[in-house]
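Structure first, commentary second.
Read-outs: derived from the displayed coordinates by stated rules, not from any lab. The structure displayed is predicted, hence computed values, not measured ones. Neighbour counts run over all protein chains shown; Cβ positions are idealised from the backbone, glycine included.
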């Protein structure tokens with residue numbers, strides 16, 4: 001039987017949904033047999049990413065990098081989702097402690113000296129979709145749902161990895177429509193490597209990680225670097241750092257009344273009203 005947490009001291013959204021406070025257990029780490037397993041552990045909010053998660057994820061990567069016995073990393077989410085993306089309720093718990101930039105942490109995974117495998121169950125949307133995308137390999141459960149839905153919020157793209165995973169037309173489909181994409185379609189589009197039955201997801205990720213861990217590590221590191229080098233020469237780093245591009249300043253600073261109104265609905269009325277406003281024209285409720 002699962003014990004329900006005591007939410008009496010938690011802060012709530014305007015419509016009364018309790019949001020868990022930051023915890024040192026928001027990211028879990030374990031290592032065995034050459035494989036480190038890093039788990040985003042905020043299942044009650046679908047592993048939404050805040051400064052604390054970013055801080056702890058970076059620390060977990062430190063541990064995996066420093067451990068010479070670790071030769072591959074699995075990144076996953078606790079509960080029924082990989083990650084619902086950026087935490088829209090992070091402001092309920094102000095956090096001014098030092099934390100790395102989320103883009104820097106995601107690009108650290110991109111360039112991490114040991115292969116990182118994303119094991120995706122349920123939703124991986126927004127920053128969650130991008131987090132799976134910067135991993136070297138992505139295995140998805142048949143119930144996985146991926147997407148860059150932040151355009152519906154009126155937000156820009158946190159980490160511009162999708163154009164380097166798919167074709168031009170598919171990248172625009174993902175980034176302009178903001179649809180939630182089912183696992184088999186994500187496979188077809190190049191967002192994931194493999195789709196497996198849900199009850200086989202953990203075994204499939206472990207098998208892939210163990211296979212990598214048994215290979216000569218220097219050659220694994222070289223081959224990862226060579227593939228990354230090709231994409232970086234195609235402009236990946238400049239694309240991810242697009243906020244530094246002065247030619248985009250006007251677009252980046254432009255006011256968007258539709259997006260601003262949706263955020264106002266969220267702040268004043270809460271999650272349910274925000275979802276109704278955000279998802280007009282979309283059949284699936286995210």
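Here are some notes:
- Within the range 188-286, the percentage of alpha carbon pairs spaced more than 20 angstrom apart rounds to 71%.
- Kirkwood Rh in Å, taken over the range 78-187 so that all alpha-carbon pairs contribute: 14.5
- Within the range 119-276, the proportion of Cα pairs with more than 25 Å between them is 42 percent.
- Computed across the range 89-150, the Kirkwood radius stands at 13.0 Å (inverse of mean 1/r, all Cα pairs).
- All C-alpha pair distances within the range 1-53, sorted into 5 Å bins from zero, spread as 4, 16, 22, 22, 17, 9, 5, 3, 2, 0 percent across the bins.
- Exposure proxy for 255, 268, 277: other Cβ atoms within 10 Å of each Cβ, ordered fewest to most, give 255, 268, 277.
- Compactness of the range 23-89 is given as radius of gyration and Dmax, 11.9, 38 Å, from Cα positions.
- Between residue 97 and residue 30, the modelled label-to-label distance comes to 2.4 nm, taking each label 7 Å out from Cα in the direction of the beta carbon.
- Kirkwood analysis of the Cα pair distances in the range 57-132 returns a hydrodynamic radius of 13.7 Å.
- Contact order normalised by residue count of the range 13-111, Cα under 8 Å, 6+ apart, percent: 32
- With contributions of -39500 (n - 2.57) from each DSSP H run of at least four residues, the per-residue ellipticity at 222 nm computed over the chain stands at -12000 deg cm²/dmol.
- The GNM of the chain, with springs linking C-alpha atoms under 10 angstrom apart, assigns the highest mean-square fluctuation among 253, 173, 182 to 253.
- The three principal axes of the C-alpha atoms in the chain carry coordinate ranges of 55, 51, 38 Å, sorted with the longest axis first.
- Kirkwood Rh and Cα Rg combined as Rg over Rh, evaluated for the range 1-153: 0.96
- Per-residue Cβ neighbour counts within 10 Å put 276, 55 in the sequence 276, 55, beginning with the fewest.
- Look at 189, 229 and count the other Cβ atoms within 10 Å of each Cβ; fewest to most, that gives 229, 189.
- If you take the Cα centroid of the range 222-286 and the Cα centroid of the range 42-72, the two points sit 23 Å apart.
- Looking at the chain alone, DSSP beta bridges between its own residues are antiparallel in about 30 percent of cases.
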